[in-house]
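Each reported figure results from applying straightforward, stated rules to the coordinates on display, with no laboratory input. As the structure is a prediction and not an experimental result, all values here were calculated from the model. Ideal geometry is used to build each Cβ from the backbone, glycine not excepted, and the neighbour counts take in all protein chains shown.
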Amino acid sequence: MKTLDRRALLSCLAGSLLVDTAARAQSWPQKPITVVVPQSAGSSPDILCRMIAERMARSLGQQLVVENKPGAANVVGTQAVVRAAPDGYALLFTTSAGLVTNPFTFKKLSYDPLRDLSAVAFIARSNQVIVVNPSVKATSLAELIALEKEKPGSLSIAVDGPRNLSGILGQAINKAAGTRFVLVPYNTISSAVQDTVTGRTEVAILSVSVAEAHIEEKALRPIAAAGTRRIASMPDLPAITEILPSADLQAWFMMMAPAGLPAAIAEQLAKAVSQATADPELQRAAAKLGFEFEADATTPASAAAFLRSQYDSAAKLIPTLGIEPQ
């Protein structure tokens, strides 16, 4: 009898919890929503987030307040959201670096992206290209690899640091192709561009938004796109993985929330993201920044599956590159 009473009590408690969660989801949002961007104000991710947030606010009927919390390779901003309540009022607009690179480049990362965060929606891919100085006698990645192998260690690639996307991608190319490109880290992208344009470095890995003007002026020549897909604005440019399948690294953005976000709220947020990114005006503005939206990963479930696959790929690749976690 006591067992039955206990079971009945637990059943009632579980039922009331479900009712309470559903009620909160139905009444959400009742106040402004904070969106943390772990990059600086005025950066491309920040600009993209603000454009999306403005449109999401129209769908949700509440203001989305963007807060910039840069620092420690996305860790500062990410940690702020991890510690927040999973009530739909704290969101994270973050990069692939914060979700699938940091776990393998930090010795003691203060969060686990798969355990401590809930995927809300995939936002966009940030297109990156490999470019060369016009004096380099290579018009494709295969030709560049062959050229480097003729004189190993003679060609250098400008990157934004050994633990950032371009640096990791450069190391992945060396491992996959058996090359010895010298990776030259730069503190600023402008310096990397300047040195590649003038020929001080022969190769660079840059975002499309940074490289595009120099490509149009013939000051740089694109030879490959990062990732597994060709870039819509450069359809004739092969993806790196067409030549080196294991060098599967790309930059992308996702909207996340603290772990435990009610599914109904996650679905509402994802729907608002989907409506925002369907705006042709936003699509054109995003393209100018080098971003491409993707309609098939905007549900929480598909975003979580994408994150898991990217995390698993990074887990297989990054530890093999000899990068010492710090």
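So what's the gap between the Cα centers of region 54-84 and region 176-245, to the nearest angstrom?
Here the answer is 30 Å between Cα centres.
Say the dipole of the chain comes from +1 at the beta carbon of Lys and Arg and -1 at that of Asp and Glu; which of 262, 311, 72 then lies farthest toward its positive end?
262
Placing unit charges on C-beta atoms (Lys and Arg positive, Asp and Glu negative, everything else neutral), compute the dipole magnitude of the chain about its Cα centre in debye, rounded to 20.
Working: 30 positive and 28 negative charges, 149 e Å.
With Lys and Arg at +1 and Asp and Glu at -1, about 720 debye.
I'd like the projected area of region 32-94, averaged over all directions, using the convex hull of its alpha carbons. Report it in nm² with one decimal.
Over every viewing direction, the Cα hull of region 32-94 projects on average to 3.8 nm².
Could you give the Stokes-Einstein D for region 14-147 in µm² per second, using the C-alpha Kirkwood radius, 37 °C, 0.692 mPa s?
On the way: Rh = 17.6 Å.
Using the Kirkwood radius from Cα pairs, D works out to 187 µm²/s.
State the label only: which of (1) 16.5; (2) 18.4; (3) 23.5 corresponds to mean projected area of the Cα convex hull in nm² computed from the shown model?
Matching the structure shown: (2).
How many percent of the alpha carbon pairs in region 128-225 exceed a separation of 15 Å?
Numbers: 2581 of 4753 pairs.
Every Cα pair in region 128-225 considered, those over 15 Å come to 54 percent.
So which residue, out of 97, 278, 121, gets the largest mean-square fluctuation from a GNM of the chain using Cα contacts under 10 Å as springs?
Its mean-square fluctuation being the largest, the pick is 278.
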